[in-house]
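The values are calculated or read from the model by the stated rules, or taken from the named source; none is laboratory data. Keep in mind it's a predicted model, so treat the numbers as computed, not measured. All Cβ positions, even for glycine, are placed from backbone atoms using ideal geometry, and neighbour counts span all protein chains on display.
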Amino acid sequence: MSNQELNELKKNRTIPIFDCLYEIDQQIEFYTALGFKITYYQKAPYRFVSVKNEFTELSFYGEKNFDLEQKQGGCYIVVSDIETVYNRLKSNLKTFYGKIPVKGLPRFSRLNLTAEDRRFNITDPSGNTLIVGEPLGDSTTLMDRYTEDTKNASKFEKAYKWAFRYAYSKEDFLGASNLLESAFNKQSDPLSNELYFKAKCSK
């Protein structure tokens, strides 16, 4: 190893380590499809793999008693050019699979706009979620502004805004659908055509 390579390894950085399905080859295939390179791999004495691309590095530990139903792990990855990153990863997936997986596991979300960033979510075969985002500013300031703006909204519009966050910040589509269903059932005042259309499409 050269001094340059050694110095590169010594740079300050954080590498998330996720547990995953014991059949770790599923993880390797998916991240390879995204364009990641394998930097470390072992099968014994335990299954472990590290992958890396131009903006992040991740590691996975194959867990014999892995419970996919209880999986809630994830991390947030900041990038400076979300459009380029999104299009590159999406293109890599399309080339590998012939389509973009959007339901079940694994899945790749659309590019969304939230109050604090532009983001998309990647959920791997083991249920680990990577939220990749480009901040729009200080998140606390932006969320305070969002909360203040929401105060003046109608009950239905508030429900729509929160349902949108459930769906596109947390990928909790069931929670978003239930919230909108309840809002429609309670709604008595007329809605603007734009809000009605947005809510119906989201539902």
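For Asp81, state whether it is within 19 Å of Glu134 (Cβ to Cβ), surrounded by fewer than 16 Cβ atoms within 10 Å (Cβ to Cβ) and not assigned by TED's automatic domain parsing to the domain that holds Ala167.
On the way: within 19 Å of Glu134 (Cβ to Cβ): yes; surrounded by fewer than 16 Cβ atoms within 10 Å (Cβ to Cβ): yes; not assigned by TED's automatic domain parsing to the domain that holds Ala167: yes.
It is true that Asp81 is within 19 Å of Glu134 (Cβ to Cβ), surrounded by fewer than 16 Cβ atoms within 10 Å (Cβ to Cβ) and not assigned by TED's automatic domain parsing to the domain that holds Ala167.
So, of the residues in the stretch 2-19 that are modelled with pLDDT under 95 and in a loop (DSSP other than H, G, I, E, B), which turns out to be nearest to Lys64 (Cα to Cα)?
Out of the qualifying residues, it is Ile15.
Can Phe96 be described as farther than 17 Å from Gln27 by Cα, touching a helix residue (DSSP H, G or I) at 6+ places or on another chain (Cβ under 8 Å) and either small (Gly, Ala, Ser) or surrounded by fewer than 16 Cβ atoms within 10 Å (Cβ to Cβ) (or both)?
On the way: farther than 17 Å from Gln27 by Cα: no; touching a helix residue (DSSP H, G or I) at 6+ places or on another chain (Cβ under 8 Å): yes; either small (Gly, Ala, Ser) or surrounded by fewer than 16 Cβ atoms within 10 Å (Cβ to Cβ) (or both): yes.
For Phe96, the condition - farther than 17 Å from Gln27 by Cα, touching a helix residue (DSSP H, G or I) at 6+ places or on another chain (Cβ under 8 Å) and either small (Gly, Ala, Ser) or surrounded by fewer than 16 Cβ atoms within 10 Å (Cβ to Cβ) (or both) - is not met.
Kindly check whether there is at least one residue in the stretch 23-35 that is under 13 Å from Pro125 (Cβ atoms), surrounded by fewer than 16 Cβ atoms within 10 Å (Cβ to Cβ) and in contact with a helix residue (DSSP H, G or I) (Cβ under 8 Å, 6 or more places away or on another chain).
Yes, some residue in the stretch 23-35 is under 13 Å from Pro125 (Cβ atoms), surrounded by fewer than 16 Cβ atoms within 10 Å (Cβ to Cβ) and in contact with a helix residue (DSSP H, G or I) (Cβ under 8 Å, 6 or more places away or on another chain).
Residues of the stretch 20-39 being of a type in the set (D, E, K, R) and either at pLDDT 95 or above or closer than 20 Å to Ile100 by Cα (or both), which ones?
Asp25, Glu29, Lys37
Quick one: Arg119 ticks every box in (1) among the charged types (D, E, K, R); (2) touching a Gly at 6+ places or on another chain (Cβ under 6 Å); (3) farther than 30 Å from Tyr160 by Cβ bar one, so which box is it?
Here Arg119 meets the rest and fails (3).
Kindly indicate the residue of the stretch 129-156 that is charged (D, E, K, R) and out of contact with any helix residue (DSSP H, G or I) (no Cβ under 6 Å at 6 or more places or on another chain) and also surrounded by the fewest Cβ atoms within 10 Å (Cβ to Cβ) among those meeting that condition. It would help to see each step written out before you state the result.
The initial filter retains those residues of the stretch 129-156 that are charged (D, E, K, R), namely 134, 138, 144-145, 148-149, 151, 155.
From what's left, out of contact with any helix residue (DSSP H, G or I) (no Cβ under 6 Å at 6 or more places or on another chain): 138, 144-145, 148-149, 151, 155.
On the way: Asp138: 10, Asp144: 12, Arg145: 13, Glu148: 9, Asp149: 11, Lys151: 7, Lys155: 11.
Per the stated criteria, the residue is Lys151.
Which one of these is at pLDDT below 70, of a type outside the set (Phe, Trp, Tyr) and within 24 Å of Asn121 (Cα to Cα): Lys161, Lys203? Steps first, answer last, please.
On the way: Lys161 fails: at pLDDT below 70.
Criteria check complete, one pass: Lys203.
For every residue, the table says whether it meets (1) within 19 Å of Thr95 (Cβ to Cβ); (2) in the same structural domain as Phe108 (by TED's automatic domain parsing); (3) among the β-branched types (Val, Ile, Thr); (4) out of contact with any Lys or Arg (no Cβ under 9 Å at 6 or more places or on another chain).
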{"site": "Ile17", "(1), (2), (3), (4)": "no, yes, yes, yes"}
{"site": "Cys20", "(1), (2), (3), (4)": "no, yes, no, no"}
{"site": "Ile28", "(1), (2), (3), (4)": "yes, yes, yes, yes"}
{"site": "Ala33", "(1), (2), (3), (4)": "yes, yes, no, yes"}
{"site": "Ala44", "(1), (2), (3), (4)": "no, yes, no, yes"}
{"site": "Val51", "(1), (2), (3), (4)": "yes, yes, yes, no"}
